[in-house]
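Undergrad: Handing you this structure, nothing more for now.
The values are calculated or read from the model by the stated rules, or taken from the named source; none is laboratory data. Values in this document were obtained by computation on a predicted structure and should not be read as measured data. Every residue, glycine among them, receives a Cβ derived from its backbone with ideal geometry; neighbour counts consider all protein chains shown.
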Ligand code: DCT
Ligand code: MG
(Lines give C-alpha, C1' and ligand atoms only; values in the text may rest on other atoms or scores of the structure.)
(Ligands and ions follow the chains in the order given, each with its own letter.)
Protein backbone atom coordinates (compact mmCIF):
# COMPACT_ATOMS: atom_id res chain seq x y z
CA UNK A 1 0.00 0.00 0.00
CA UNK A 2 1.21 3.48 -0.79
CA UNK A 3 1.05 6.29 1.68
CA UNK A 4 -1.47 8.97 0.79
CA UNK A 5 -0.10 11.90 -1.11
CA UNK A 6 -1.04 14.96 0.88
CA UNK A 7 1.60 17.26 -0.57
CA UNK A 8 -1.15 19.30 -2.26
CA UNK A 9 -2.40 20.07 1.20
CA UNK A 10 0.88 20.84 2.94
CA UNK A 11 1.96 23.05 0.03
CA UNK A 12 -1.24 25.01 0.13
CA UNK A 13 -0.88 25.35 3.85
CA UNK A 14 2.67 26.64 3.58
CA UNK A 15 1.68 29.09 0.91
CA UNK A 16 -1.21 30.23 3.08
CA UNK A 17 -3.67 29.40 0.31
CA UNK A 18 -7.17 28.32 1.23
CA UNK A 19 -7.28 24.57 0.84
CA UNK A 20 -10.01 22.47 -0.63
CA UNK A 21 -11.63 20.57 2.13
CA UNK A 22 -11.96 16.81 1.81
CA UNK A 23 -10.67 16.89 -1.68
CA UNK A 24 -12.59 14.16 -3.50
CA UNK A 25 -10.13 14.12 -6.43
CA UNK A 26 -7.35 13.18 -4.09
CA UNK A 27 -9.21 10.22 -2.67
CA UNK A 28 -7.07 7.30 -3.72
CA UNK A 29 -7.36 3.63 -4.13
CA UNK A 30 -4.71 1.75 -2.27
CA UNK A 31 -3.47 -1.83 -2.18
CA UNK A 32 -4.86 -4.89 -3.90
CA UNK A 33 -8.02 -4.90 -1.84
CA UNK A 34 -8.89 -1.62 -3.55
CA UNK A 35 -9.81 -0.01 -0.29
CA UNK A 36 -10.94 3.58 -0.64
CA UNK A 37 -8.83 5.78 1.58
CA UNK A 38 -9.77 9.23 2.75
CA UNK A 39 -7.68 12.35 2.73
CA UNK A 40 -8.29 14.98 5.34
CA UNK A 41 -6.45 18.16 6.37
CA UNK A 42 -5.14 18.06 9.92
CA UNK A 43 -6.59 21.35 11.20
CA UNK A 44 -10.32 21.06 11.92
CA UNK A 45 -10.78 24.66 10.73
CA UNK A 46 -9.74 23.54 7.23
CA UNK A 47 -12.51 20.97 7.11
CA UNK A 48 -16.23 21.22 6.56
CA UNK A 49 -17.83 19.19 9.30
CA UNK A 50 -21.60 19.01 9.06
CA UNK A 51 -23.91 17.29 11.53
CA UNK A 52 -24.18 14.43 9.07
CA UNK A 53 -21.78 12.12 10.88
CA UNK A 54 -21.24 8.80 9.06
CA UNK A 55 -19.31 7.24 11.92
CA UNK A 56 -21.31 7.88 15.11
CA UNK A 57 -20.34 4.62 16.82
CA UNK A 58 -16.64 5.39 16.44
CA UNK A 59 -16.95 9.08 17.30
CA UNK A 60 -19.12 8.36 20.37
CA UNK A 61 -16.50 5.91 21.63
CA UNK A 62 -13.64 8.37 21.15
CA UNK A 63 -15.69 11.22 22.66
CA UNK A 64 -16.35 9.12 25.74
CA UNK A 65 -12.63 8.53 26.19
CA UNK A 66 -12.05 12.25 25.65
CA UNK A 67 -14.59 13.07 28.31
CA UNK A 68 -13.03 10.59 30.72
CA UNK A 69 -9.60 12.14 30.15
CA UNK A 70 -10.95 15.68 30.64
CA UNK A 71 -12.69 14.67 33.84
CA UNK A 72 -9.44 13.10 35.04
CA UNK A 73 -7.35 16.25 34.54
CA UNK A 74 -5.66 14.80 31.46
CA UNK A 75 -6.43 17.56 28.99
CA UNK A 76 -3.72 16.57 26.54
CA UNK A 77 -5.19 13.12 26.11
CA UNK A 78 -8.64 14.65 25.96
CA UNK A 79 -7.71 16.88 23.04
CA UNK A 80 -6.03 13.96 21.24
CA UNK A 81 -9.25 11.90 21.42
CA UNK A 82 -11.35 14.97 20.41
CA UNK A 83 -9.12 15.51 17.37
CA UNK A 84 -9.36 11.85 16.39
CA UNK A 85 -13.15 11.90 16.72
CA UNK A 86 -13.33 15.11 14.69
CA UNK A 87 -11.35 13.58 11.82
CA UNK A 88 -13.85 10.70 11.65
CA UNK A 89 -16.77 13.14 11.75
CA UNK A 90 -15.44 14.76 8.59
CA UNK A 91 -15.26 11.54 6.55
CA UNK A 92 -17.69 11.24 3.62
CA UNK A 93 -18.56 7.61 4.35
CA UNK A 94 -18.62 5.04 7.14
CA UNK A 95 -15.24 3.50 7.86
CA UNK A 96 -15.29 -0.26 7.38
CA UNK A 97 -11.64 -1.13 7.84
CA UNK A 98 -8.56 0.43 9.42
CA UNK A 99 -6.70 0.40 6.08
CA UNK A 100 -8.96 3.25 4.98
CA UNK A 101 -7.51 5.38 7.74
CA UNK A 102 -3.93 5.14 6.55
CA UNK A 103 -2.40 8.60 6.18
CA UNK A 104 -5.17 10.38 8.05
CA UNK A 105 -3.99 13.00 10.54
CA UNK A 106 -4.68 13.04 14.30
CA UNK A 107 -5.16 9.29 14.63
CA UNK A 108 -2.60 8.17 17.17
CA UNK A 109 -1.90 4.60 18.17
CA UNK A 110 -4.35 4.71 21.04
CA UNK A 111 -7.26 6.01 18.95
CA UNK A 112 -6.49 3.55 16.18
CA UNK A 113 -6.55 0.69 18.68
CA UNK A 114 -10.00 1.75 19.83
CA UNK A 115 -11.23 2.04 16.26
CA UNK A 116 -9.80 -1.35 15.29
CA UNK A 117 -11.41 -2.95 18.33
CA UNK A 118 -14.82 -1.61 17.33
CA UNK A 119 -14.48 -2.46 13.66
CA UNK A 120 -13.27 -5.98 14.38
CA UNK A 121 -15.11 -6.91 17.58
CA UNK A 122 -18.09 -4.59 17.58
CA UNK A 123 -16.95 -2.81 20.74
CA UNK A 124 -13.87 -1.38 22.40
CA UNK A 125 -12.93 -3.10 25.64
CA UNK A 126 -11.43 0.13 26.95
CA UNK A 127 -14.60 2.11 26.24
CA UNK A 128 -16.80 -0.56 27.80
CA UNK A 129 -14.52 -0.76 30.83
CA UNK A 130 -14.57 3.04 31.23
CA UNK A 131 -18.37 3.21 30.92
CA UNK A 132 -18.74 0.62 33.67
CA UNK A 133 -16.12 2.06 35.99
CA UNK A 134 -17.46 3.43 39.29
CA UNK A 135 -15.11 6.37 39.08
CA UNK A 136 -16.28 7.48 35.64
CA UNK A 137 -19.94 7.00 36.55
CA UNK A 138 -19.49 9.08 39.71
CA UNK A 139 -17.55 11.81 37.87
CA UNK A 140 -20.34 11.99 35.27
CA UNK A 141 -23.19 12.16 37.76
CA UNK A 142 -21.49 14.80 39.87
CA UNK A 143 -20.20 17.01 37.05
CA UNK A 144 -23.64 16.87 35.45
CA UNK A 145 -24.68 19.10 38.34
CA UNK A 146 -24.56 22.69 37.11
CA UNK A 147 -21.77 24.47 39.00
CA UNK A 148 -19.73 21.32 39.68
CA UNK A 149 -16.42 20.91 37.84
CA UNK A 150 -14.02 18.01 37.67
CA UNK A 151 -11.95 19.24 40.63
CA UNK A 152 -14.93 19.42 42.98
CA UNK A 153 -16.27 16.07 41.82
CA UNK A 154 -12.85 14.53 42.39
CA UNK A 155 -12.76 15.88 45.95
CA UNK A 156 -16.23 14.57 46.70
CA UNK A 157 -15.38 11.15 45.30
CA UNK A 158 -12.35 11.03 47.59
CA UNK A 159 -14.80 11.69 50.43
CA UNK A 160 -16.82 8.67 49.35
CA UNK A 161 -19.56 10.58 47.51
CA UNK A 162 -20.57 8.80 44.29
CA UNK A 163 -24.23 9.70 43.83
CA UNK A 164 -26.66 12.58 44.23
CA UNK A 165 -28.20 10.82 47.19
CA UNK A 166 -24.83 10.50 48.92
CA UNK A 167 -24.13 14.14 48.16
CA UNK A 168 -27.41 15.24 49.72
CA UNK A 169 -26.75 13.09 52.80
CA UNK A 170 -23.12 14.22 53.13
CA UNK A 171 -23.73 17.68 54.53
CA UNK A 172 -21.22 19.14 52.04
CA UNK A 173 -21.61 22.89 51.69
CA UNK A 174 -22.84 23.74 48.23
CA UNK A 175 -22.49 27.16 46.67
CA UNK A 176 -25.52 28.92 45.18
CA UNK A 177 -24.90 27.58 41.66
CA UNK A 178 -24.54 24.01 42.90
CA UNK A 179 -27.70 24.28 44.99
CA UNK A 180 -29.61 25.43 41.93
CA UNK A 181 -27.94 22.72 39.86
CA UNK A 182 -28.99 20.02 42.28
CA UNK A 183 -32.51 21.39 42.57
CA UNK A 184 -33.02 21.38 38.79
CA UNK A 185 -30.86 18.33 38.06
CA UNK A 186 -33.45 16.31 36.11
CA UNK A 187 -34.59 19.25 34.01
CA UNK A 188 -31.05 20.35 33.16
CA UNK A 189 -30.11 16.85 32.08
CA UNK A 190 -32.91 16.87 29.49
CA UNK A 191 -31.60 18.19 26.17
CA UNK A 192 -32.92 21.63 25.21
CA UNK A 193 -34.83 21.56 21.91
CA UNK A 194 -34.63 24.15 19.14
CA UNK A 195 -38.26 25.09 19.83
CA UNK A 196 -37.36 25.78 23.46
CA UNK A 197 -34.29 27.75 22.38
CA UNK A 198 -36.48 29.87 20.08
CA UNK A 199 -39.02 30.46 22.84
CA UNK A 200 -36.26 31.64 25.16
CA UNK A 201 -34.86 33.76 22.33
CA UNK A 202 -38.17 35.63 22.14
CA UNK A 203 -38.13 36.29 25.85
CA UNK A 204 -34.51 37.48 25.84
CA UNK A 205 -35.22 39.67 22.82
CA UNK A 206 -38.15 41.26 24.60
CA UNK A 207 -35.98 41.88 27.65
CA UNK A 208 -33.16 43.36 25.61
CA UNK A 209 -35.23 45.74 23.49
CA UNK A 210 -37.26 46.81 26.54
CA UNK A 211 -34.17 48.02 28.34
CA UNK A 212 -32.18 49.20 25.31
CA UNK A 213 -34.08 49.82 22.07
CA UNK A 214 -31.93 49.00 19.05
CA UNK A 215 -29.90 46.34 20.85
CA UNK A 216 -29.58 43.06 18.95
CA UNK A 217 -29.46 39.46 20.04
CA UNK A 218 -27.98 36.52 18.14
CA UNK A 219 -28.36 32.83 18.89
CA UNK A 220 -24.84 31.38 19.20
CA UNK A 221 -23.35 28.04 20.33
CA UNK A 222 -24.60 24.72 19.00
CA UNK A 223 -27.97 26.01 17.84
CA UNK A 224 -26.28 28.47 15.48
CA UNK A 225 -24.45 25.47 14.00
CA UNK A 226 -27.79 23.86 13.26
CA UNK A 227 -27.92 21.42 16.16
CA UNK A 228 -31.45 20.29 17.02
CA UNK A 229 -30.70 20.00 20.74
CA UNK A 230 -28.15 21.39 23.18
CA UNK A 231 -27.18 21.35 26.83
CA UNK A 232 -27.92 25.07 27.05
CA UNK A 233 -28.92 28.08 24.95
CA UNK A 234 -26.31 30.75 24.23
CA UNK A 235 -27.02 34.33 23.15
CA UNK A 236 -24.76 37.20 22.12
CA UNK A 237 -26.07 40.71 22.70
CA UNK A 238 -24.72 43.91 21.17
CA UNK A 239 -25.77 47.41 20.07
CA UNK A 240 -24.82 48.96 16.71
CA UNK A 241 -23.53 52.07 18.48
CA UNK A 242 -20.25 51.41 20.32
CA UNK A 243 -20.55 52.00 24.06
CA UNK A 244 -24.34 51.79 24.24
CA UNK A 245 -24.00 48.19 25.45
CA UNK A 246 -22.23 49.31 28.64
CA UNK A 247 -24.32 48.43 31.69
CA UNK A 248 -26.80 46.48 29.59
CA UNK A 249 -26.51 43.10 31.29
CA UNK A 250 -27.70 44.11 34.79
CA UNK A 251 -30.74 45.79 33.21
CA UNK A 252 -31.60 42.73 31.14
CA UNK A 253 -31.20 40.52 34.19
CA UNK A 254 -33.42 42.81 36.31
CA UNK A 255 -36.11 42.77 33.64
CA UNK A 256 -36.01 38.97 33.40
CA UNK A 257 -36.03 38.66 37.17
CA UNK A 258 -38.98 41.02 37.57
CA UNK A 259 -40.94 38.90 35.10
CA UNK A 260 -40.18 35.73 37.03
CA UNK A 261 -38.13 34.13 34.27
CA UNK A 262 -34.97 33.40 36.25
CA UNK A 263 -34.50 30.53 38.67
CA UNK A 264 -30.81 31.38 39.07
CA UNK A 265 -28.35 33.87 37.63
CA UNK A 266 -24.79 34.95 38.14
CA UNK A 267 -23.39 37.84 36.19
CA UNK A 268 -19.68 38.40 35.69
CA UNK A 269 -18.46 41.86 34.80
CA UNK A 270 -16.48 42.41 31.64
CA UNK A 271 -12.78 42.92 32.12
CA UNK A 272 -11.65 43.91 28.65
CA UNK A 273 -11.94 47.66 29.24
CA UNK A 274 -9.60 47.74 32.19
CA UNK A 275 -7.04 45.41 30.58
CA UNK A 276 -3.68 47.01 29.85
CA UNK A 277 -2.20 44.24 27.74
CA UNK A 278 -4.67 44.63 24.88
CA UNK A 279 -7.63 42.41 24.15
CA UNK A 280 -5.98 39.67 22.10
CA UNK A 281 -4.06 38.01 24.88
CA UNK A 282 -6.40 37.35 27.72
CA UNK A 283 -5.52 34.65 30.24
CA UNK A 284 -8.39 32.70 28.77
CA UNK A 285 -10.31 33.55 25.65
CA UNK A 286 -13.64 33.02 27.34
CA UNK A 287 -13.62 35.14 30.41
CA UNK A 288 -13.59 38.78 29.49
CA UNK A 289 -17.08 39.56 28.31
CA UNK A 290 -19.89 40.61 30.55
CA UNK A 291 -21.58 37.27 30.89
CA UNK A 292 -24.60 35.87 32.66
CA UNK A 293 -24.89 32.19 33.54
CA UNK A 294 -28.54 31.54 34.25
CA UNK A 295 -31.26 28.98 34.70
CA UNK A 296 -34.49 29.99 32.99
CA UNK A 297 -37.96 28.99 34.03
CA UNK A 298 -39.61 28.17 30.73
CA UNK A 299 -43.36 27.71 30.86
CA UNK A 300 -45.02 25.29 28.45
CA UNK A 301 -47.24 28.19 27.42
CA UNK A 302 -44.16 30.07 26.21
CA UNK A 303 -43.15 27.14 24.04
CA UNK A 304 -46.55 27.08 22.39
CA UNK A 305 -46.09 30.75 21.53
CA UNK A 306 -49.12 31.76 23.60
CA UNK A 307 -47.20 33.77 26.13
CA UNK A 308 -48.81 36.72 27.86
CA UNK A 309 -46.50 39.66 28.07
CA UNK A 310 -48.22 41.83 30.65
CA UNK A 311 -47.94 39.49 33.60
CA UNK A 312 -46.88 40.58 37.02
CA UNK A 313 -44.16 38.34 38.45
CA UNK A 314 -46.86 36.55 40.44
CA UNK A 315 -48.92 36.00 37.32
CA UNK A 316 -45.96 34.62 35.45
CA UNK A 317 -45.19 32.24 38.26
CA UNK A 318 -48.77 31.15 38.34
CA UNK A 319 -48.75 30.73 34.58
CA UNK A 320 -45.51 28.86 34.77
CA UNK A 321 -45.96 26.69 37.80
CA UNK A 322 -49.65 26.04 38.31
CA UNK A 323 -51.23 26.30 34.90
CA UNK A 324 -54.12 23.88 34.67
CA UNK A 325 -54.07 23.78 30.90
CA UNK A 326 -54.66 20.18 29.90
CA UNK A 327 -54.41 20.12 26.13
CA UNK A 328 -50.71 19.38 25.73
CA UNK A 329 -49.05 16.28 24.45
CA UNK A 330 -46.11 14.79 26.32
CA UNK A 331 -45.90 15.54 30.02
CA UNK A 332 -42.86 17.36 31.30
CA UNK A 333 -40.21 15.10 32.82
CA UNK A 334 -40.98 16.48 36.26
CA UNK A 335 -44.48 15.43 37.30
CA UNK A 336 -47.36 17.82 36.71
CA UNK A 337 -45.32 20.98 36.49
CA UNK A 338 -46.06 23.14 33.49
CA UNK A 339 -42.56 24.52 33.15
CA UNK A 340 -39.01 23.33 32.94
CA UNK A 341 -35.61 24.69 33.90
CA UNK A 342 -33.20 25.51 31.04
CA UNK A 343 -29.57 26.63 31.17
CA UNK A 344 -29.09 29.93 29.33
CA UNK A 345 -25.85 31.86 28.79
CA UNK A 346 -25.95 35.54 27.86
CA UNK A 347 -22.90 37.40 26.59
CA UNK A 348 -22.65 41.13 25.86
CA UNK A 349 -20.12 42.40 23.34
CA UNK A 350 -19.34 45.91 22.08
CA UNK A 351 -20.03 46.14 18.35
CA UNK A 352 -16.29 46.59 17.60
CA UNK A 353 -15.66 43.06 18.92
CA UNK A 354 -18.90 41.52 17.70
CA UNK A 355 -17.49 39.54 14.73
CA UNK A 356 -14.81 38.01 16.96
CA UNK A 357 -17.32 37.22 19.68
CA UNK A 358 -19.68 35.66 17.15
CA UNK A 359 -16.91 33.51 15.69
CA UNK A 360 -15.56 32.60 19.14
CA UNK A 361 -18.92 31.67 20.62
CA UNK A 362 -20.35 29.70 17.72
CA UNK A 363 -18.03 26.75 18.31
CA UNK A 364 -17.67 23.89 18.22
CA UNK A 365 -15.13 23.93 21.03
CA UNK A 366 -12.67 21.94 18.94
CA UNK A 367 -13.25 24.13 15.88
CA UNK A 368 -12.41 27.19 18.04
CA UNK A 369 -9.33 25.56 19.47
CA UNK A 370 -8.14 24.65 16.00
CA UNK A 371 -8.76 28.17 14.65
CA UNK A 372 -6.60 29.57 17.43
CA UNK A 373 -3.94 26.93 16.80
CA UNK A 374 -3.96 27.70 13.08
CA UNK A 375 -3.72 31.44 13.75
CA UNK A 376 -0.80 31.01 16.15
CA UNK A 377 1.21 28.28 14.44
CA UNK A 378 0.60 29.00 10.78
CA UNK A 379 -0.06 32.73 10.70
CA UNK A 380 1.78 34.19 13.69
CA UNK A 381 -1.46 35.77 14.81
CA UNK A 382 -3.37 35.49 18.04
CA UNK A 383 -7.10 35.04 17.83
CA UNK A 384 -9.52 35.41 20.71
CA UNK A 385 -13.23 36.12 20.96
CA UNK A 386 -12.27 39.78 21.31
CA UNK A 387 -9.74 40.43 18.58
CA UNK A 388 -7.12 39.23 16.11
CA UNK A 389 -3.55 40.39 16.61
CA UNK A 390 -0.94 40.14 13.88
CA UNK A 391 2.38 39.49 15.62
CA UNK A 392 4.44 40.32 12.53
CA UNK A 393 2.75 43.64 11.83
CA UNK A 394 2.41 44.34 15.54
CA UNK A 395 -1.22 45.44 15.25
CA UNK A 396 -4.81 44.42 15.70
CA UNK A 397 -6.77 43.55 12.57
CA UNK A 398 -10.26 44.99 12.62
CA UNK A 399 -13.18 43.00 11.30
CA UNK A 400 -16.91 43.51 11.05
CA UNK A 401 -17.79 40.01 9.82
CA UNK A 402 -16.71 36.42 10.34
CA UNK A 403 -15.84 36.23 6.63
CA UNK A 404 -13.22 38.96 7.07
CA UNK A 405 -11.61 37.08 9.94
CA UNK A 406 -11.34 33.89 7.85
CA UNK A 407 -9.76 35.95 5.08
CA UNK A 408 -7.15 37.45 7.44
CA UNK A 409 -6.37 33.90 8.55
CA UNK A 410 -5.93 32.72 4.96
CA UNK A 411 -8.81 30.30 5.34
CA UNK A 412 -11.72 29.49 3.12
CA UNK A 413 -14.90 30.66 4.85
CA UNK A 414 -16.64 27.86 6.72
CA UNK A 415 -20.29 28.58 7.60
CA UNK A 416 -21.55 27.72 11.11
CA UNK A 417 -23.35 24.58 9.91
CA UNK A 418 -19.97 23.19 8.80
CA UNK A 419 -18.13 23.97 12.04
CA UNK A 420 -19.40 20.87 13.84
CA UNK A 421 -15.94 19.37 14.37
N1 LIG B 1 -16.56 27.69 23.77
C2 LIG B 1 -15.20 27.50 23.49
N3 LIG B 1 -14.39 26.94 24.42
C4 LIG B 1 -14.89 26.55 25.62
C5 LIG B 1 -16.25 26.73 25.92
C6 LIG B 1 -17.08 27.30 24.97
O7 LIG B 1 -14.74 27.85 22.42
N8 LIG B 1 -14.07 26.00 26.51
C9 LIG B 1 -17.42 28.30 22.76
C10 LIG B 1 -17.76 27.35 21.67
C11 LIG B 1 -19.19 27.01 21.87
C12 LIG B 1 -19.74 28.14 22.69
O13 LIG B 1 -18.64 28.71 23.37
C14 LIG B 1 -20.83 27.73 23.62
O15 LIG B 1 -20.37 26.72 24.52
P16 LIG B 1 -21.27 25.46 24.86
O17 LIG B 1 -22.66 25.87 25.12
O18 LIG B 1 -20.57 24.71 25.93
O19 LIG B 1 -21.14 24.61 23.52
P20 LIG B 1 -22.22 24.24 22.44
O21 LIG B 1 -21.47 23.94 21.20
O22 LIG B 1 -23.27 25.27 22.38
O23 LIG B 1 -22.79 22.85 23.00
P24 LIG B 1 -24.28 22.53 23.47
O25 LIG B 1 -25.06 22.38 22.22
O26 LIG B 1 -24.21 21.25 24.24
O27 LIG B 1 -24.74 23.67 24.32
MG1 MG C 1 -24.48 25.74 24.05
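Undergrad: Tell me the strands (runs of 3 or more DSSP E) entirely within region 339-421 that contain at least 1 residues that are under 30 Å from residue 207 (Cβ atoms).
TA: Where strands (runs of 3 or more DSSP E) fall fully within region 339-421 and carry at least 1 residues being under 30 Å from residue 207 (Cβ atoms), they are 339-348.
Undergrad: From the list 152, 238, 193, exactly one residue is more than 19 Å from residue 265 (Cα to Cα) and under 19 Å from the mean Cα position of the chain (by Cα). Which is it?
TA: Result of the check over 152, 238, 193: 193.
Undergrad: When you check residue 95 against the structure, is it within 22 Å of residue 232 (Cα to Cα) and either outside any helix (DSSP H, G or I) or at pLDDT below 95 (or both), yes or no?
TA: No: the conditions fail for residue 95.
Undergrad: What number of residues within region 344-354 are within 16 Å of ligand 2 (Cβ to nearest atom) and surrounded by 23 or more Cβ atoms within 10 Å (Cβ to Cβ)?
TA: Going through region 344-354 one residue at a time, the tally reaches 3.
Undergrad: A further question follows. So residue 138 clears everything in (1) more than 14 Å from residue 73 (Cβ to Cβ); (2) in contact (Cβ under 8 Å) with a residue 60 or more places away in the chain except one condition, right? Which one?
TA: So residue 138 meets the others, but not (2).
Undergrad: Tell me which helices (runs of 4 or more DSSP H) are completely within region 139-239 and hold 3 or more residues being surrounded by 19 or more Cβ atoms within 10 Å (Cβ to Cβ) and away from ligand 1 (no atom under 16 Å from the Cβ), or say none if there are none.
TA: Passing ranges, in order: 194-211.
Undergrad: Taking region 369-400 as the search range and keeping residues that are crowded, with 16+ Cβ neighbours inside 10 Å and without any contact (Cβ under 8 Å) to a residue 40 or more places away in the chain, which one is nearest to residue 420 (Cα to Cα)?
TA: Result: 375.
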